[in-house]
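Written out below as C-alpha cells is the structure these notes cover.
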C-alpha cells in the first residue's frame, strides 16, 4: 500500500523568474527577481496595516498565465477574511463566505459552545485533479474547504465536529502564544481523499476519506510537556511536510524535535537526535528539496529555559541534511556571526525549484534572507519589513 | 436610517463615512449593510452574532452589546473601533 521510493518522476529544475510571497503583521509584500535570482525588487505593502498570516499562489492555472493568489487577513479590530487575486495582487476580491464555524443556536451548544474563527492561519491548494479546491486551517483549530477558488468556504465537519475534537485539540492553554492553530494541510498527490493536518496543539492527523474521519498519527513522537508518556495525541508539530515525489515520506519539525516517518512504519523517527547537542533540534519551519527526498532544511531556535525562540547563542544558521537526517550540515555563511537573535516562524522558510535550489527565510525583525546555492551562502534581500509570518517561493510566468 | 462607518471599514463603503441602511433590528440593519457592501458585516460581527472584541456599536449615543436590539427608522447608529494596539 505504501511506497518507500519515488512515485512520481523527478521534475526538471525550474528556470523562470522567482517571486517570494511575504506575509507580515502589517501587510503583504511580493519580492521578485529574474531567473538569475541576484537582484530583488519589493512590491507592496498590500493590505497595509492588516495582519496577513499566509499568502499562497495556486500552482493550478485558471487561465493562460493566470493563477489564483489567496491571502488570509485580519486586523486588530476587524474579523478574519480571505481575499483572492488572479493578477498577482494588482486587484483583489474578498471571499463571499470566509472560513467560519457554523452558528450555534441557544440551547444547541453541545461540546462546542459557538466557536469563532479568530484568524485563518494556513492556506493549501487542493489536489491537482480538483481545480478550484483549497483547504484552510484556522485558529482555533478548524479545517475548511473551498471548491470555488477560495470564494466560499465550508467547514470540514468530519474534523470540526468530530466527537473527539475537544480531546484532540485541548484547550486554549494548549495553543501557541497567538492561539491554537491548525496548519500543515498536506494532500497526497496520488489521492485527493488522503489528507494530513498538523495542530498546535493536537498533533498530526490523517484522513483517508476527504476529511470525513480522522486518526492521530503521532507514534514515536515526543510530547514531553504532557504528563503521560507516549500519548496518542496532544503533540505539538510546528511544521509537517509530505514530499510530493514520495508522498509516503513525511517530515516534521516538532516542539520536541525533528522527525521523519516512512508511512508504512507509521512511527516517527527523531532524526533531530543527530543535530549538534549545543544547537538542539527545536525550531519552527522545515523545508523540503523539490527533487531530493533526503534533503531537508531547518532553522534551529533556542528551546531552552523559558523558550526564547531565537537563534541559539545569537548565531543564526540553517541546518541541512542530505541523507534524511543521518547527519546535518551547518549553513551560516553570510549570516550574522554574533548578536543575531533571529526568530523564523513555521511558515517563514521556503525553497524554489531551480538548480541549485534557492532557499529563503524571513525573520520576525523584518529581514528576508536568500541563498541561491542551497544554503551555502546567504544574502539579505530585504530589511525593515514588518514582523514576517510567512514566505512562499513561486515561479512566475515567463 | 443613518449609519456612521469607522475608517477601517470604509474600503467597503467607497470611503463614505455616512451610509443608509434599513431594518427593524440592529441585526436587520447589519444584514442590509452587508447586502449593500458585501463582506462588511463579518468584519465586525462574528459567526455567533457576537460584536467583535474591538468593535463598538452605539444606537442614539448608547452602546449596545448585542445585535438583537429593536430599532426605529429615526435611530442613528455609530460604529466605532475600540482601542487595539501592537
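The values are calculated or read from the model by the stated rules, or taken from the named source; none is laboratory data. These numbers were taken from a predicted model, which means no experiment stands behind them. Quick reminder, even Gly has a Cβ in these numbers, built from the backbone with ideal geometry, and neighbours come from all protein chains shown.
Would a scan of the stretch A:239-250 turn up a residue that is in a loop (DSSP other than H, G, I, E, B), under 22 Å from residue A:345 (Cβ atoms) and either touching a helix residue (DSSP H, G or I) at 6+ places or on another chain (Cβ under 6 Å) or in contact (Cβ under 8 Å) with a residue 40 or more places away in the chain (or both)? It would help to see each step written out before you state the result.
Going residue by residue through the stretch A:239-250, those that are in a loop (DSSP other than H, G, I, E, B) are A:244-245.
The next check asks that each one be under 22 Å from residue A:345 (Cβ atoms); those that pass are none.
So far as the stretch A:239-250 goes, no, none of its residues is in a loop (DSSP other than H, G, I, E, B), under 22 Å from residue A:345 (Cβ atoms) and either touching a helix residue (DSSP H, G or I) at 6+ places or on another chain (Cβ under 6 Å) or in contact (Cβ under 8 Å) with a residue 40 or more places away in the chain (or both).
Can you find a residue in the stretch B:41-60 that is over 18 Å from residue B:81 (Cβ atoms), facing chain A (nearest Cβ under 9 Å), in a loop (DSSP other than H, G, I, E, B) and touching a strand residue (DSSP E or B) at 6+ places or on another chain (Cβ under 8 Å)?
Looking for residues that are over 18 Å from residue B:81 (Cβ atoms), facing chain A (nearest Cβ under 9 Å), in a loop (DSSP other than H, G, I, E, B) and touching a strand residue (DSSP E or B) at 6+ places or on another chain (Cβ under 8 Å), one finds none in the stretch B:41-60, hence no.
Could you check the stretch A:371-398 and list, in sequence order, the residues that are assigned to a strand (DSSP E or B), closer than 20 Å to residue A:311 by Cβ and within 18 Å of the chain's Cα centre (by Cα)?
Matches in the stretch A:371-398: A:388, A:389, A:390, A:391.
Please work out which one of (1) under 26 Å from residue A:10 (Cα atoms); (2) in a strand (DSSP E or B); (3) in contact (Cβ under 8 Å) with a residue 24 or more places away in the chain is the condition residue A:205 fails and give its number.
(1)
Looking only at the stretch A:58-109, filter to residues that are in contact (Cβ under 8 Å) with a residue 60 or more places away in the chain and assigned to a loop (DSSP other than H, G, I, E, B); which one of those is nearest to the other protein chains (Cβ to nearest Cβ)?
Applying the filter and picking the extreme gives A:89.
So, of the residues in the stretch B:60-79 that are under 16 Å from residue B:31 (Cα atoms) and touching a helix residue (DSSP H, G or I) at 6+ places or on another chain (Cβ under 7 Å), which turns out to be surrounded by the fewest Cβ atoms within 10 Å (Cβ to Cβ)?
Taking the candidates together, the pick is B:68.
Consider residue A:217 carefully, then state whether it is without any contact (Cβ under 8 Å) to a residue 40 or more places away in the chain, closer than 22 Å to residue A:163 by Cβ and surrounded by 14 or more Cβ atoms within 10 Å (Cβ to Cβ).
Answer is no for this residue.
Could you grab me the full set of residues in the stretch B:73-86 that are in contact (Cβ under 8 Å) with a residue 12 or more places away in the chain and not in a strand (DSSP E or B)?
Going residue by residue through the stretch B:73-86, those that are in contact (Cβ under 8 Å) with a residue 12 or more places away in the chain are B:73-84.
Residues satisfying the conditions are B:73, B:74, B:75, B:82, B:83, B:84.
Are any of the residues in the stretch B:69-85 at pLDDT 95 or above and either at the interface with chain A (Cβ under 9 Å from one of its Cβ atoms) or within 20 Å of residue A:103 (Cα to Cα) (or both)?
yes
Residue-wise test of (1) over 24 Å from residue A:128 (Cα atoms); (2) touching a strand residue (DSSP E or B) at 6+ places or on another chain (Cβ under 7 Å).
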position: A:181; (1), (2): yes, yes
position: A:185; (1), (2): no, yes
position: A:188; (1), (2): no, yes
position: A:191; (1), (2): no, no
position: A:195; (1), (2): no, yes
position: A:206; (1), (2): no, yes
position: A:213; (1), (2): no, yes
position: A:219; (1), (2): yes, no
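Can you tell me which condition residue A:68 does not meet? The list is (1) more than 24 Å from residue A:366 (Cβ to Cβ); (2) surrounded by fewer than 18 Cβ atoms within 10 Å (Cβ to Cβ), and all the others hold.
Unmet for residue A:68, out of (1) more than 24 Å from residue A:366 (Cβ to Cβ); (2) surrounded by fewer than 18 Cβ atoms within 10 Å (Cβ to Cβ): (2).
Please verify whether residue A:344 is touching a residue at least 12 places away in the same chain (Cβ under 8 Å) and closer than 11 Å to residue A:375 by Cβ, treating the condition exactly as stated.
Against the criterion (touching a residue at least 12 places away in the same chain (Cβ under 8 Å) and closer than 11 Å to residue A:375 by Cβ), residue A:344 does not qualify.
Considering only the stretch A:39-51, I want to know if a residue exists there that is closer than 28 Å to residue A:242 by Cα and not in a loop (DSSP other than H, G, I, E, B).
Scanning the stretch A:39-51, I find at least one residue that is closer than 28 Å to residue A:242 by Cα and not in a loop (DSSP other than H, G, I, E, B), so the answer is yes.
Inside the stretch A:157-187, can you point out the residues that are more than 19 Å from the chain's Cα centre (by Cα) and either exposed (fewer than 15 other Cβ atoms within 10 Å of the Cβ) or in a loop (DSSP other than H, G, I, E, B) (or both)?
Once the filter is applied, which keeps residues that are more than 19 Å from the chain's Cα centre (by Cα) and either exposed (fewer than 15 other Cβ atoms within 10 Å of the Cβ) or in a loop (DSSP other than H, G, I, E, B) (or both), the stretch A:157-187 yields A:157, A:161, A:162, A:163, A:164, A:166, A:167, A:170, A:171, A:172, A:173.
Just one of the numbered conditions (1) at pLDDT 95 or above; (2) farther than 18 Å from residue A:359 by Cα; (3) surrounded by fewer than 18 Cβ atoms within 10 Å (Cβ to Cβ) is not true of residue A:24; which one?
(3)
Would a scan of the stretch A:110-125 turn up a residue that is more than 10 Å from chain B (Cβ to nearest Cβ), in a loop (DSSP other than H, G, I, E, B), without any contact (Cβ under 8 Å) to a residue 40 or more places away in the chain and over 18 Å from residue A:212 (Cβ atoms)?
Checking the stretch A:110-125: at least one residue is more than 10 Å from chain B (Cβ to nearest Cβ), in a loop (DSSP other than H, G, I, E, B), without any contact (Cβ under 8 Å) to a residue 40 or more places away in the chain and over 18 Å from residue A:212 (Cβ atoms).
Could you check how many residues of the stretch A:347-370 are over 18 Å from residue A:48 (Cα atoms), within 18 Å of the chain's Cα centre (by Cα) and assigned to a loop (DSSP other than H, G, I, E, B)?
5
Among the residues of the stretch A:113-128, is any in contact with a strand residue (DSSP E or B) (Cβ under 9 Å, 6 or more places away or on another chain), over 28 Å from residue A:76 (Cβ atoms) and surrounded by fewer than 15 Cβ atoms within 10 Å (Cβ to Cβ)?
Our first condition is that a residue be in contact with a strand residue (DSSP E or B) (Cβ under 9 Å, 6 or more places away or on another chain); within the stretch A:113-128, this holds for A:115, A:117-128.
Retained after the next criterion (residues that are over 28 Å from residue A:76 (Cβ atoms)): A:125-128.
Remaining after also requiring surrounded by fewer than 15 Cβ atoms within 10 Å (Cβ to Cβ): A:128.
Looking for residues that are in contact with a strand residue (DSSP E or B) (Cβ under 9 Å, 6 or more places away or on another chain), over 28 Å from residue A:76 (Cβ atoms) and surrounded by fewer than 15 Cβ atoms within 10 Å (Cβ to Cβ), one finds at least one in the stretch A:113-128, hence yes.
Does residue A:35 fit the bill of being assigned to a loop (DSSP other than H, G, I, E, B) and touching a strand residue (DSSP E or B) at 6+ places or on another chain (Cβ under 8 Å)?
Values: assigned to a loop (DSSP other than H, G, I, E, B): yes; touching a strand residue (DSSP E or B) at 6+ places or on another chain (Cβ under 8 Å): yes.
So residue A:35 passes the test.
Here's the yes/no breakdown for (1) within 18 Å of residue A:5 (Cβ to Cβ); (2) buried (at least 19 other Cβ atoms within 10 Å of the Cβ); (3) without any contact (Cβ under 8 Å) to a residue 12 or more places away in the chain:
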position: A:263; (1), (2), (3): yes, yes, no
position: A:280; (1), (2), (3): no, no, no
position: A:289; (1), (2), (3): yes, yes, no
position: A:294; (1), (2), (3): yes, no, no
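On the given criteria, is residue A:131 over 17 Å from residue A:240 (Cβ atoms) and within 14 Å of chain B (Cβ to nearest Cβ)?
no
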